[in-house]
Each structure stands twice: as structure tokens, then as C-alpha cells.
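Structure, as C-alpha cells:
The values are calculated or read from the model by the stated rules, or taken from the named source; none is laboratory data. The structure displayed is predicted, hence computed values, not measured ones. Note: ideal-geometry Cβ built from the backbone for every residue, glycine included; neighbour counts use all protein chains shown. Only protein heavy atoms, including side chains, enter the accessible area calculation; ligands, DNA and RNA are left aside. Shrake-Rupley method; radii C 1.70, N 1.55, O 1.52, S 1.80 Å.
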Amino acid sequence: MFFLKRLPSAGGISVRMLQYTSLTFGFLSASHRLSSRRGPSPYSLVDSERYISLVKSVMSSRVTSQTPETIKAEDEHMFGPIVKAASKPETRLPKTMHPFLHCEDTPETLDFDSGPPIRIVLNRDQGRSSIPSVTRILQATLSSEQLFYLERWKKRMVAELGEEGFKEYTKNLFRQGKLFHSALEEVLMAGNDRPHAPHPTEVLGYMESVSHILEDVGAARAIESTVQHDTLNYLGVVDCVARYRGVLCVIDWKTSDKPKPFLSNTYDNPIQVAAYAGALNNDGKYKYQVQNGLIVVAYKNGSPAHAHKLNSELMSEYWEKWLIRLEEYIEKRSSEVPSVSS
């Protein structure tokens, strides 16, 4: 503690002196000891003149109110323009909705499943040379994204195998596909319970892969048979028309090196199956209608094949997609034909 004390002086004037108690000195001494232990204050390291100048500049500047427009302009200046996510494209419908089923055809009879399956061989000489196939139409109307991934896959394969190696690879794929379909045809024509010739070594894995699927396939009505849609002017060759678990289906057999457990992994195959079924339903050579489809993906290593069922609702959806692709093909071909000048 401290107090004032008046002292007499020579001139009659009193002088007040500040006196401290021992407690005060003790407190100051302790404070000095504590501060000496902590070291110098960090504020002592601040550049005072620079800090004062900064405060003056902030206090003297005029602050303007921000708006969403000014904030957006400032962000674009600092970080670049805002990239918005692409909006979902509008659902496109075919310009002309051609029917998937031909209702005038006679219904199935009691002896529908009797007799051997038919096979109508494709003959291009019988006025069909100008009729495009389903495969050609789908390949000609691939999206830019599909073309990108297809070209990237080809470049990767060429880099690994070389040009000649890639040609040999595609040739072997085509050959194995033909052998696989021939083996399936032999089994379906003879029936699962009847003996048949041994399968070629190249397709043993594929046949093992589809063995559990073949147990549910029966009453084949067509195998490797041509179908044609006269109104829409296209044709194709169906792999098989048979009953799968009791339901009549257009069956498409596929091979793959990679697993395809989901329908989305089959890319344009559902559109292809819908196109075949729509052509068959409108082809007078077939006296029945097919509303369902089946895509079977077989694997060379013998692992169980994946079977993707297309019910009537899905077939209708993919039929509409097929009609759109067909319109795109016709428009593309029309634009490629040079106009005849008068």
C-alpha cells in the first residue's frame, strides 16, 4: 500500500511525498520476478509505426456495401468463371411411335411349342442388299461418348498387342463367337437331355458358363433366324427365340472377358434385342408375338454367366430408344446423300 505524507519545508510550503509500504515493494518485486520468467511480451516485437499506419489506412478508407452481383464478379475475377453442372437433357420421344406388337397376328395355339425351331437364313441377294441391319444402324448412331471409349479401348489394345496382334485378337474373338453360337445351336436343336458331339476346345469355358442358363431354356422356336420389319425397313438375325423359365423371349448370347453383372454393363444390347423382337412381331413368317427378352453374358473362364431379363415394360422402353436411333440413322444418311443440282 502507499500513502501521502506532508513534510515541512523551509519556505513554509509543505511537500507531499509518496511512500510505499513493504507490501507494495514486495508485490512489485514478485511481479518483476514473474515477468522475467515469462520472457519479453510478444507485443514488444510488433512494428509500432507500421501497425499505426495500417490502422490509419483502414480507418480512413471508405467501405462499400456488397451485393450478390459484386461478390460474383469478385469471385470470377479471383477464381475464374463458375462452371455449372450440365442440366439433365430432356427426354426425347420418337417422332412416329410405331407399334412394338402386331395385334392382327393370330394368337398362340396349343401346338405352339411343338416341332423343331425354324431357321431363316439371311440372303442378301433377294432384294435385301439395300436394307440396313440392326448392327449397322446401332454402330452408325453411337454417341460421342461411346465413340470416345471405343477408340480409347482400341488404342490401348494396339499399344499392348501391336497392329497385327490386335487384328489377330479381333479375328479370334469373331471365330470363338461363331463356334460358341454353333455349339449353342446344336444343344438347343437336340435338346438338353440328348447327346451331342463334343464342343470345340475354344468354347468349353463358355459352354460351362451358360450350363445353368440352358437348364431353364426350352421349347426353342427359332435359332439364328432372319427377321425383317417391312414398314421400318430394317432386318436382323436373332440368336434364339425360346422359353426361359416358361416365358417366351428373344435371347441374345454374348461373350465377355470382364464380368457384366448389371444390365447397364451391356451397353446397346437391350436396344438390339428390342429391335429384333419388334421386327419379329411384324414379320409375317412368324405366327407368334414376343414381348420379353433375355441377354446372356458368357465367360471364357467358365464362371457362371449373367442373365439379364427384359420384361415387357423394359422392352417397350428400349423399343422407343431403338426408334430414336433409327430416326437418327435415316437423318444421317439423308444428310450424307449429295443433292442433285438442277
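Residues of the range 273-327 that are charged (D, E, K, R) and open to solvent by less than 20 Å² (accessible area, probe 1.4 Å): Asp283 alone.
Of the residues Leu173, Leu161, Leu179, Leu138, which single one is at pLDDT 90 or above, over 21 Å from Tyr276 (Cα atoms) and assigned to a helix (DSSP H, G or I)? It would help to see each step written out before you state the result.
On the way: Leu173 fails: at pLDDT 90 or above; Leu161 fails: at pLDDT 90 or above; Leu138 fails: over 21 Å from Tyr276 (Cα atoms).
None of the others qualify; the one that does is Leu179.
Right, Glu224: touching a helix residue (DSSP H, G or I) at 6+ places or on another chain (Cβ under 7 Å), in a helix (DSSP H, G or I) and either surrounded by fewer than 18 Cβ atoms within 10 Å (Cβ to Cβ) or of a type in the set (Asp, Glu) (or both) or not? For Glu224, the condition - touching a helix residue (DSSP H, G or I) at 6+ places or on another chain (Cβ under 7 Å), in a helix (DSSP H, G or I) and either surrounded by fewer than 18 Cβ atoms within 10 Å (Cβ to Cβ) or of a type in the set (Asp, Glu) (or both) - is not met. Looking at Val121, Val187, can you tell me which residue is over 29 Å from the mean Cα position of the chain (by Cα) and assigned to a loop (DSSP other than H, G, I, E, B)? It is Val121. Do we have Ile213 as at pLDDT 90 or above, open to solvent by less than 30 Å² (accessible area, probe 1.4 Å), among the β-branched types (Val, Ile, Thr) and under 28 Å from the mean Cα position of the chain (by Cα) here? For Ile213, the condition - at pLDDT 90 or above, open to solvent by less than 30 Å² (accessible area, probe 1.4 Å), among the β-branched types (Val, Ile, Thr) and under 28 Å from the mean Cα position of the chain (by Cα) - is met.
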